[in-house]
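The values are calculated or read from the model by the stated rules, or taken from the named source; none is laboratory data. Note that the structure is predicted; figures quoted are calculated from it, not measured. So basically every Cβ, Gly included, is an ideal-geometry build from the backbone, and we count neighbours across all protein chains shown.
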Amino acid sequence: MKIHEYQAKELFRKYNVPTPEGGVSDSVAGVKDIAAELGLPVAVKAQIHAGGRGKGGGVKLAGTDDEVTTAADAILGMTLVTKQTGPEGRVVKKVLVEKGVGIQKELYLSIIPDRETACITIVASQDGGMDIEEVAEKSPERIIKVPVNPVTGIQGYHLRQVMFGIELEKPLMKEFSAVLRNLYNLFVDYDCSMVEINPLIVTDDNSIVALDAKMDIDSNALFRHPDVMEMHDPNEDDPTEAEAAKFGLNYINLDGNVGNMVNGAGLAMATMDIIKQAGAEPANFLDVGGGANAEMVENGFRLILSDPKVKGILINIFGGILRCDVLAQGVVQAAKKVKLSLPVVVRMEGTNVEEGRRILAESGLELINATDLADAAGKVAGIVA
Ligand code: GDP
Ligand code: MN
């Protein structure tokens, strides 16, 4: 689960990772109050779960009272479009107002788990700031990676490897070491899948401050972190995914136009692969689960249909615990309720398959039967092409 910058910074402060002073507000009047308390200049920063806010106009510096009002007015309520939000953008409901800091240098620092090395990996660069993606593309050698074995934890040599790697000046090393150690501990204690500071700055008066903060916490570990659970912002949830969670369905929204409904996560992954192999793109991942009933199938079907991207649907069920007749009933129920207008390809095998096929055939729905997986993928890809 992602949290907002202002929330991540609360956790940073708890772990002695320095951040600028600030406060959060959802109104122009509130922003003015915070700015008056902090003193000018201030930075006004949109709080959404996506990076690239600066370039999209979601971060503004204000040096006068008028500029504070203008910035708050412009950012609160705006639809902020960044590289990470997609073209539809996100509506800004809250801003973080922070005491303006003089920047001498912008660094990049993040911690992520790395599957390949099975290590917690520190990623750092001396070229931090808003163009880090460009650095990664054009001068990747300026971004260093230091793997830390989670069993030994972070050691002095890791810290030195990072600091020499980013050519940090000697007088800053003590402070940087403390920041990195603290950030590492935060990462581990909070079961993070990502912590990122971009930029981590060297201020005009030579101290190190986290100017930005991003944190992603493993949702499976949230039961251990009630403080983080309280930070959940339903505003940031994908509406379809939130709806799916209510029904107990595993649904993930993707970019393609083939909606698909599958039972079992493994089969769902394989189905997405064959959709791609047939030259099309999946619009979602949906595992209705082994023990799905007709109602869950119906809900799943409605979720897929609520996605305007979907041009065709592939139902791929291997009836084991979920019987084919139950699936068929769910599909028919849903199709009738929502007045199905999209082509649906069905590939179904397993328990009660004959009964399932009979229900579908007698439903009066125009369903396209597939003989096997490859046939199903080919047919649906042909439809959406
Ligand atoms: P992002 O674009 O979503 O990553 O948002 P950031 O929090 O990183 O802000 C974008 C940029 O705004 C930073 O890289 C800084 O250059 C600048 N910025 C943000 N806060 C301040 C501040 O307090 N003082 C100054 N001088 N610049 C700031
Ligand atoms: Mn940033």
Q | Answer residue from region 4-63, given it is more than 15 Å from ligand 1 (Cβ to nearest atom) and among the basic types (Lys, Arg) and is farthest from the chain's Cα centre (by Cα) among those | A | Lys32
Q | Per-region count, region 72-95, residues in contact (Cβ under 8 Å) with a residue 40 or more places away in the chain and not in a strand (DSSP E or B) | A | 7
Q | For Thr271: the one exception among (1) part of a helix (DSSP H, G or I); (2) over 29 Å from Tyr190 (Cβ atoms); (3) touching a helix residue (DSSP H, G or I) at 6+ places or on another chain (Cβ under 7 Å) | A | (3)
Q. If you take the residues of region 305-355 that are crowded, with 22+ Cβ neighbours inside 10 Å, over 17 Å from Lys379 (Cβ atoms) and in contact with a Gly (Cβ under 7 Å, 6 or more places away or on another chain), which of them is modelled with the lowest pLDDT?
A. Leu322
Q. Hey, among the residues in region 105-148 that are over 21 Å from Gly52 (Cα atoms) and exposed (fewer than 13 other Cβ atoms within 10 Å of the Cβ), which one's nearest to ligand 2 (Cβ to nearest atom)?
A. Glu141
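Restricting attention to region 48-58, which residues are in contact (Cβ under 8 Å) with a residue 40 or more places away in the chain, away from ligand 2 (no atom under 11 Å from the Cβ) and either within 13 Å of Val81 (Cβ to Cβ) or buried (at least 24 other Cβ atoms within 10 Å of the Cβ) (or both)?
Initially, region 48-58 is screened for residues in contact (Cβ under 8 Å) with a residue 40 or more places away in the chain, giving 48-52, 54-55.
With the extra rule that they be away from ligand 2 (no atom under 11 Å from the Cβ), the set shrinks to 48-49.
If the condition is that a residue be in contact (Cβ under 8 Å) with a residue 40 or more places away in the chain, away from ligand 2 (no atom under 11 Å from the Cβ) and either within 13 Å of Val81 (Cβ to Cβ) or buried (at least 24 other Cβ atoms within 10 Å of the Cβ) (or both), then Ile48 is the only one that fits.
For every residue, the table says whether it meets (1) within 16 Å of ligand 2 (Cβ to nearest atom); (2) under 21 Å from the mean Cα position of the chain (by Cα); (3) under 30 Å from Val31 (Cβ atoms).
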residue	(1), (2), (3)
Thr82	yes, yes, yes
Thr85	yes, yes, yes
Lys94	no, yes, yes
Gln155	no, no, no
Q: Scan region 180-213 for residues that are hydrophobic (A, V, I, L, M, F, W, C) and within 16 Å of ligand 2 (Cβ to nearest atom) and jot them down.
A: Leu183, Met194, Val195, Ile197, Leu200, Ile201, Val202, Ile208, Val209, Ala210, Leu211, Ala213
